[in-house]
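S.K.: Take this structure first; my questions come after.
The values are calculated or read from the model by the stated rules, or taken from the named source; none is laboratory data. Fair warning: this is a prediction, and the values are worked out from it, not measured in the lab. Neighbour counts run over all protein chains shown; Cβ positions are idealised from the backbone, glycine included.
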Amino acid sequence: DAGVIQSPRHEVTEMGQEVTLRCKPISGHDYLFWYRQTMMRGLELLIYFNNNVPIDDSGMPEDRFSAKMPNASFSTLKIQPSEPRDSAVYFCASSSVPGGEGKNIQYFGAGTRLSVL
Amino acid sequence: GIQVEQSPPDLILQEGANSTLRCNFSDSVNNLQWFHQNPWGQLINLFYIPSGTKQNGRLSATTVATERYSLLYISSSQTTDSGVYFCAVDYKLSFGAGTTVTVRA
């Protein structure tokens, strides 16, 4: 498997523009997670899905952020409108059904580095 | 949420040296992972270790779940070991702040 695939790898946009980040999880994984990494706050969970259904979005910073998972092989994280403080690296991760040795392991994509000017 | 503390925050090593990184967590957990974030920003899985001891080459890890800590051992360090090492716990992965390791040739 190619692992978790994120696109784009880098995104530079201007304040006020809409930004869409994309993620393809590992085939067969039922859980998908979106994380954000900043210098100030470190790595923090934004939202996660189970079987394409959002389970916990308590980490989503505000209404400008939204995430969808229309099918088992694709998820998006959208920011509209974007602001300079949204600049960060956004990671997507996936895992299989938890439980049992080795199953509850999250595998991360390479991340999307977002710069909002 | 569960608090995760890592120490030391920074570590500078001479190539060939051994080191120990520590992760303390505030509550019982059924999931603990160690990651290495390389200089290119990629998060690499090192260990899934909610309890017990595991070894992978020059790296090994031990988690004492009853005492709420985990240790990552790096032996015979190499320059390629440089980067940030993260401990993360719980199913939703609460991350520590990381230990930045610099290995000098």
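S.K.: Taking region B:63-83, which residues are away from chain A (no Cβ under 14 Å), β-branched (Val, Ile, Thr) and in contact with a Ser or Thr (Cβ under 7 Å, 6 or more places away or on another chain)?
M.R.: If the condition is that a residue be away from chain A (no Cβ under 14 Å), β-branched (Val, Ile, Thr) and in contact with a Ser or Thr (Cβ under 7 Å, 6 or more places away or on another chain), then B:Ile74 is the only one that fits.
S.K.: Next question, about the same structure. In region B:84-93, which residue that is surrounded by fewer than 22 Cβ atoms within 10 Å (Cβ to Cβ) and more than 8 Å from chain A (Cβ to nearest Cβ) is modelled with the highest pLDDT?
M.R.: B:Val84
S.K.: Go through region B:40-60 and count every residue that is surrounded by fewer than 16 Cβ atoms within 10 Å (Cβ to Cβ), over 18 Å from B:Ser19 (Cβ atoms) and not aromatic (Phe, Trp, Tyr).
M.R.: The qualifying residues number 5.
S.K.: Shifting gears a bit: Can you name the number of the only condition in (1) under 30 Å from B:Thr99 (Cα atoms); (2) without any contact (Cβ under 8 Å) to a residue 24 or more places away in the chain that A:Asn51 fails?
M.R.: Looking at each condition in turn, A:Asn51 falls short on (1).
S.K.: Right, another one. Does B:Thr100 meet the test of being surrounded by fewer than 20 Cβ atoms within 10 Å (Cβ to Cβ) and within 14 Å of chain A (Cβ to nearest Cβ)?
M.R.: yes
S.K.: Moving on. Return the only residue of B:Asp27, B:Asp10 being among the acidic types (Asp, Glu) and touching a Ser or Thr at 6+ places or on another chain (Cβ under 8 Å).
M.R.: Criteria check complete, one pass: B:Asp10.
S.K.: Now a separate question. Before we move on, is B:Phe25 at the interface with another protein chain (Cβ under 10 Å from one of its Cβ atoms), within 24 Å of A:Phe33 (Cβ to Cβ), in contact with a strand residue (DSSP E or B) (Cβ under 8 Å, 6 or more places away or on another chain) and surrounded by 13 or more Cβ atoms within 10 Å (Cβ to Cβ)?
M.R.: no
S.K.: Can you pull out every residue in region A:61-72 that is at pLDDT 95 or above and within 16 Å of A:Phe91 (Cβ to Cβ)?
M.R.: A:Phe65, A:Ala67, A:Met69
S.K.: Somewhere in region B:61-68, is a residue buried (at least 20 other Cβ atoms within 10 Å of the Cβ), modelled with pLDDT under 95 and either within 19 Å of A:Ser95 (Cβ to Cβ) or under 14 Å from the mean Cα position of the chain (by Cα) (or both)?
M.R.: So far as region B:61-68 goes, no, none of its residues is buried (at least 20 other Cβ atoms within 10 Å of the Cβ), modelled with pLDDT under 95 and either within 19 Å of A:Ser95 (Cβ to Cβ) or under 14 Å from the mean Cα position of the chain (by Cα) (or both).
S.K.: Take the conditions more than 14 Å from chain A (Cβ to nearest Cβ) and either modelled with pLDDT of 95 or more or part of a strand (DSSP E or B) (or both) and apply them to B:Leu46. Does it pass?
M.R.: No, not satisfied.
S.K.: Additional query: Suppose we filter region B:67-100 for residues that are among the aliphatic types (A, V, I, L, M) and either in a loop (DSSP other than H, G, I, E, B) or touching a helix residue (DSSP H, G or I) at 6+ places or on another chain (Cβ under 8 Å) (or both); how many remain?
M.R.: Number of matching residues: 3.
S.K.: Shifting gears a bit: What do you reckon, is A:Glu44 surrounded by 14 or more Cβ atoms within 10 Å (Cβ to Cβ) and either free of Cβ contacts under 8 Å to residues at least 12 places away in the same chain or under 23 Å from A:Pro81 (Cβ atoms) (or both)?
M.R.: When the stated conditions are applied, A:Glu44 passes them.
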